[in-house]
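What follows is one structure encoded as structure tokens, with my remarks underneath.
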Amino acid sequence: MTSTTTTAAPPGPVRTPPAWLPVAAVGVTLFFWASAFVAIRHLADDFSPGALSLGRLLVGAVCLAAVALPRGFVRPTGRQWISIVTIGVLWFGVYNVALNEGEHRVDAGTAAMLIQISPVLIAFLAAAFLGERFTLYLGLGLALAFSGVAVIGLSGPGDGDRDLLGVALCLVSAAVYSVSLILQKPLVARLPALQVTWLACTVGAVACLPFLGGLIEETGRAPASSILWVAYLGIFPTAIAFTTYAYALRHMSASGLGVTTYLVPPITILMGLVLLDETPPGMAYVGGALALLGVAVARRKPRTVAQECAPA
């Protein structure tokens, strides 16, 4: 008996959803992503960065598969597979490991502020690789944003080298996020957002499999509450939030969606104060303001390709 694989028909033209639905999806994403910074910081004593990344991604991949597979599978093209694998390795793999390690060295609010320079990096990548013009505004915005990063890096107490390493790791996360967003925008226009998220999360989990031994060992030592927090990271900030973000990205411009993530740092700082009893150093707020000013200046003039994050 010969078995056949049935693939779902490619999605048709994108229907315009009710105006509130993409906004609600963004709100869900922002809340869960802000909570992730706090949860990662909370788990720093129980799980190493790689083990935490793998645990989070395994939970997320299983949850996403349970929802995505019954809906059918749209077979990606070879080029789309390359983008999915790249997003999985970078955004789900490298991003998580670097951010987890970074939050061993900087507080949750500071990490959240550093990630928010990504819109400047997106504009820079568009100028460097997508044929966009490198404008005076972009150059000034880059200078302001990275001046803010320098202030944040020098604002922490204790060992300055340790703080700077934490800042550098958070910047790595911001960089791979920026690259991944550019790759994801055209994908979710042609493939179901849920399927793209599931496949990328699964690729990220496979990329983190070298940390399996550490995950097993650390799970055996960790309290039940910490194990539940790892499950929370996999279900809510990963499976749910990445799906709602991909959905919103399908119905909004990438630049417009990127602006909304500026709300993540204040939400994270408030959660960190309530749940961890910690806030960023005073000068980190100055650096964060400088970085966000740099983002605003870099986006001063419209750049169509950068705004849509679609390859030319």
Backbone HN-Hα couplings from phi across segment 213-226 [Karplus 6.51/-1.76/1.60, Hz, Gly and Pro as x]: x, x, 4, 5, 5, 6, 5, x, 8, 6, x, 4, 4, 5
If the chain between L293 and R71 were fully stretched, how many nm would it gain, using 0.36 nm times the residue separation less the Cα-Cα distance? 75.6 nm
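Once neighbouring chains are kept in place and the probe is 1.4 Å, which whole percent of the accessible area of segment 190-238 is contributed by carbon and sulfur?
Working: 1660 of 2210 Å².
The nonpolar share, carbon plus sulfur, comes to 75 percent.
The values are calculated or read from the model by the stated rules, or taken from the named source; none is laboratory data. Given the structure is predicted, the values throughout are model-derived calculations rather than measurements. The area values use the complete protein model at the heavy-atom level, side chains included, leaving out ligands, DNA and RNA. Shrake-Rupley method; radii C 1.70, N 1.55, O 1.52, S 1.80 Å.
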